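Encoded as C-alpha cells, the structure appears first; notes follow it.
The values are calculated or read from the model by the stated rules, or taken from the named source; none is laboratory data. None of the values given here were measured: they were computed from a predicted structure. Glycine gets a Cβ as well: all are built from the backbone with ideal geometry, and neighbour counts include every protein chain shown. These accessible areas exclude ligands, DNA and RNA; they are computed on the full protein's heavy atoms, side chains included. Shrake-Rupley method; radii C 1.70, N 1.55, O 1.52, S 1.80 Å.
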Amino acid sequence: MLSIASRLRLLSSRVALTSIKPIVQKSAVRTVPVLCARRPYATREVSYTVDKFPGYIRNESFKKLTDQDVDYFKTIVGDNGLIYDNQDDLFAFNTDWMHKFRGKSQLVLKPKTTQQVSDILKYCNQQKLAVVPQGGNTGLVGGSVPVFDEVVLSLQGMNKIRGFDNVSGILTADAGCVLEVLDNWLGEKGYMMPLDLGAKGSCHIGGNIATNAGGLRLLRYGSLHGTVLGLEVVLPDGTILDNMSTLRKDNTGYDLKQLFIGSEGTIGVITGVSILTPHRSKAVNVALLGLNSFEDVQKAFKQSRVELSEILSAFEFWDANALEMFKKHATPKDVMEKEYPFYILIETSGSNKDHDDEKLTNYLENMMVDGVAEDGVVAQDETQIRELWSLREGFTEALGKEPAVYKYDISMPVPKLYECVEDMRQHLRDGGVFGQPDSPVTDVVAYGHVGDGNLHLNIAASRLESRVSALIEPYLFEWVANHQGSISAEHGLGVAKNEFLGYSKSPVMIKMMKTMKNILDPNGIMNPYKYLPSH
Ligand code: FAD
Ligand code: MLT
Ligand code: ZN
C-alpha cells in the first residue's frame, strides 16, 4: 500500500495512465467476499405477522379458499401451476426476505401467460378472494407476502424476453424476468438495464416497477418513471390493459402506466414491461475513499458533479458502523488499511477510458490535495470492481443476519442526511434503549445513495421490542417531515409504513389515492392491509 504522500507525488507527476494504477497498488484492494445469498429458512423461526404486530383484523368480506376454488384454478394453470396446502413448499412464498413478515396462504398460483393471470383475477374478483402479487420476494416492507390467507400470485413462471430493438435500445419482457438475467442478456448486445440493486439475482423487473425501485445508478439513468415506456397490466377484474408502448414520446391522453409504477400490487398485476436501456459503458472505474466527516462527503459529492459530471454513474456512502456490521458477518475484513468515519464509493462510466481515467485522477487528486479525502483505492480490473460493489451491496445482507433490524429508507436534502442518524442515536440513548451493554438496540448503521438524497438508516437490535418501536416511530417520520423529506425513498410502504403515509402526503392526496384504489379495485382484493392507511 502506498502512503498518501507517495500517491500524491505519483498523481502529480502525471505518469502515463494506461490504467489508474497510480492511485493504489493492485494489492490494496483485498478480496471482499460475496455474502451467501440467504439464510436457509429451516434454521430460523419466523413468527406470523399478525402475532408479531397485533392489530391486523382479517377482512371477513374476503372468501376463505375452498377445494372447489383450487379445482377451478387447476383448470387455468394446470396441476403443476400451483402449490396447495403443502406447508414446506408454501413457506418461502409466505415469508419475506428479511424473515420479519409471515402470512398463512394455503395457495400459490404460478401462471405462465397474461391470459392466465386475467382468468385468475377475474375469478378472484367474482369470488372475493384476496390476492398478493409476488415477484422475487425481495421487498423490504412486507408487501410481497400475505398478512392472512391471501392467495399468492407468483410471476416467476412469466419469464420470457419478448423483444429488443437494437437501434433504440428498447426491451420488452415478461414481468417475471429476473433483473440480472435481463442485464446479462442485454450485456451480450452491448446494452444494460437502467437500474441495478443488490437483489438483482432474485428480484423481477415487474417487482422493481411495482416498487419503483431506485438502486445504485438512479443518479445517472433516472427513475423508472422515466425509463419505463409501457406496461401490460391485468386489472383486478381481469381486464388486460395493453399499454406496451415502445415510443419515447407519446402525448396522447393520461399516462396510465405511471399509476402502476410504485403501486405495490394494489391496483393490478404487471405482466409485461417495455423499458429503455442504455448502452453498456466501455470504460468503468470504481474508487473507494475514506473521509473524516459527512461534511467531507458532501464536498466530495458536490465536486464530483463538477469534475466527473457526465461520466459519474454512482455516488454511494456508508459510515464506520456499516463497515463494522459487514465485517461482523463476512471475512476477510479490510479493504483499506486505515479505518475512517465515512466512506464513499464513486463509479464512473463512459466511452473513452483515457478520458475517464484522467478525469477521475484529477478529481481524486483534488480531493486529496484539498484534504477532503485522506485515503483511497481504485479498482483495477473487473474482479476488483465487483469486490468493491459487493462490499456496498453486502450491508443489507449483513444486517439481515442480526437478530432484529428496524429498516428505514428516507429521503431529504443531502445536508440533513447524517444529522438524522446522529439525532436518532442520541434519541435512542436518551430513551434508555441504546448505549449500555444490555441495551436492546445494538447499533445504528447508515449508508445510502448520496446522489439521490436517500439515506438507509438501520437500527439493529437484539430483539424486536415495542418500547423501541415506539421510540423510533413516529419520531423518525416527524423528523423527516419537518425536513421536507419522504418516509420512503425507494422501498415503498407495504405493511411497514402504510399507516404513516400522512407524513409524506397531504389528506387531499391520500383521499384521492383511496378514490383511485376504489375505482380500480372496488372489492379491495389486491394486496389488502397494505400501502394505504387503514383510516
Ligand atoms: P417483491 O418483493 O416480490 O414484491 C414487492 C412489491 O411489489 C409487493 O408489494 C408485491 O405485491 C408487488 N409486486 C411484485 N411483482 C408485481 C407484479 N408483477 N405486479 C404487481 N405487483 C407486483 N430497493 C431499491 O429501491 N433500491 C435498492 O438498492 C434495493 N436494494 C435491495 C437489496 C437487497 C439485498 C434487497 C433484499 C432488497 C433491495 N431493495 C432495493 C428492495 C426492492 O424493493 C426489491 O429488491 C425489488 O424492487 C422488489 O422486486 P421483487 O421482484 O423482489 O418484488
Ligand atoms: C440498498 O441501497 O442497499 C438497498 O436499498 C437495501 C437496503 O436499504 O438495505
Ligand atoms: Zn437503496
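So, Glu499, is that one within 19 Å of Leu140 (Cα to Cα) and open to solvent by 50 Å² or more (accessible area, probe 1.4 Å) or not?
Working: within 19 Å of Leu140 (Cα to Cα): yes; open to solvent by 50 Å² or more (accessible area, probe 1.4 Å): yes.
Considered against the rule, which asks whether it is within 19 Å of Leu140 (Cα to Cα) and open to solvent by 50 Å² or more (accessible area, probe 1.4 Å), Glu499 comes out as yes.
Counting residues that are closer than 26 Å to Met193 by Cα, which helices (runs of 4 or more DSSP H) fully inside the range 254-339 reach at least 2?
Numbers: elements: 257-260, 294-307, 320-329.
Of the helices (runs of 4 or more DSSP H) lying wholly inside the range 254-339, those with at least 2 residues that are closer than 26 Å to Met193 by Cα span 257-260, 294-307.
Looking only at the range 465-494, count every residue that is farther than 21 Å from Gly214 by Cα and part of a helix (DSSP H, G or I) and tell me the total.
Looking only at that region, the number is 12.
Here is a check on your reading of the model: is Ala470 of a type in the set (A, V, I, L, M), under 23 Å from Ala496 (Cα atoms) and either assigned by TED's automatic domain parsing to the domain that holds Gly142 or away from ligand 3 (no atom under 15 Å from the Cβ) (or both)?
yes
What tally of residues in the range 472-482 results from selecting those that are touching a residue at least 24 places away in the same chain (Cβ under 8 Å) and either touching a strand residue (DSSP E or B) at 6+ places or on another chain (Cβ under 7 Å) or open to solvent by less than 40 Å² (accessible area, probe 1.4 Å) (or both)? Don't jump to the end; show me each part of the working.
In the first step, residues of the range 472-482 are kept if they are touching a residue at least 24 places away in the same chain (Cβ under 8 Å); the result is 472-480.
With the extra rule that they be either touching a strand residue (DSSP E or B) at 6+ places or on another chain (Cβ under 7 Å) or open to solvent by less than 40 Å² (accessible area, probe 1.4 Å) (or both), the set shrinks to 472, 476-477, 479-480.
Number of matching residues: 5.
Which of the residues belonging to the range 419-452 are touching a strand residue (DSSP E or B) at 6+ places or on another chain (Cβ under 7 Å), open to solvent by 10 Å² or more (accessible area, probe 1.4 Å) and more than 16 Å from ligand 2 (Cβ to nearest atom)?
Result: Arg425, Phe434, Thr442.
Can you confirm whether the range 166-175 contains a residue that is without any contact (Cβ under 8 Å) to a residue 40 or more places away in the chain and surrounded by fewer than 19 Cβ atoms within 10 Å (Cβ to Cβ)? Lay out the reasoning, then the answer.
Of the range 166-175, the ones without any contact (Cβ under 8 Å) to a residue 40 or more places away in the chain are 166-167.
Among the residues that remain, those that are also surrounded by fewer than 19 Cβ atoms within 10 Å (Cβ to Cβ) are: 166-167.
The answer is yes; a qualifying residue exists.
The conditions are (1) more than 16 Å from ligand 2 (Cβ to nearest atom); (2) within 15 Å of Val405 (Cβ to Cβ); (3) in contact with a Leu (Cβ under 7 Å, 6 or more places away or on another chain), and Val468 fails exactly one of them. Which is it?
(3)
Does the range 194-208 contain any residue that is under 9 Å from the mean Cα position of the chain (by Cα), within 15 Å of ligand 3 (Cβ to nearest atom) and within 23 Å of Leu247 (Cβ to Cβ)?
Scanning the range 194-208, I find at least one residue that is under 9 Å from the mean Cα position of the chain (by Cα), within 15 Å of ligand 3 (Cβ to nearest atom) and within 23 Å of Leu247 (Cβ to Cβ), so the answer is yes.
So Gly187 passes all but one of these: (1) within 22 Å of Phe315 (Cα to Cα); (2) away from ligand 3 (no atom under 16 Å from the Cβ); (3) surrounded by fewer than 20 Cβ atoms within 10 Å (Cβ to Cβ). Which condition number does it fail?
Result: Gly187 fails condition (1) only.
Starting from the range 86-113, take each residue that is more than 30 Å from Ile459 (Cα to Cα) and list its partners that are charged (D, E, K, R) and open to solvent by 60 Å² or more (accessible area, probe 1.4 Å), counting only C-beta distances under 8 angstrom and pairs at least six apart or across chains.
Hits for this filter: Gln106/Asp85; Leu107/Asp85; Val108/Asp89.
List, please: which pairs have Cβ atoms under 9 Å, are six or more places apart or on different chains, and start with a residue in the range 443-455 that is near ligand 1 (Cβ under 10 Å from one of its atoms) and of a type in the set (Gly, Ala, Ser) and end with one that is open to solvent by less than 10 Å² (accessible area, probe 1.4 Å) and in a helix (DSSP H, G or I)?
That search, which allows pairs on different chains as well, returns Gly448/Leu417.
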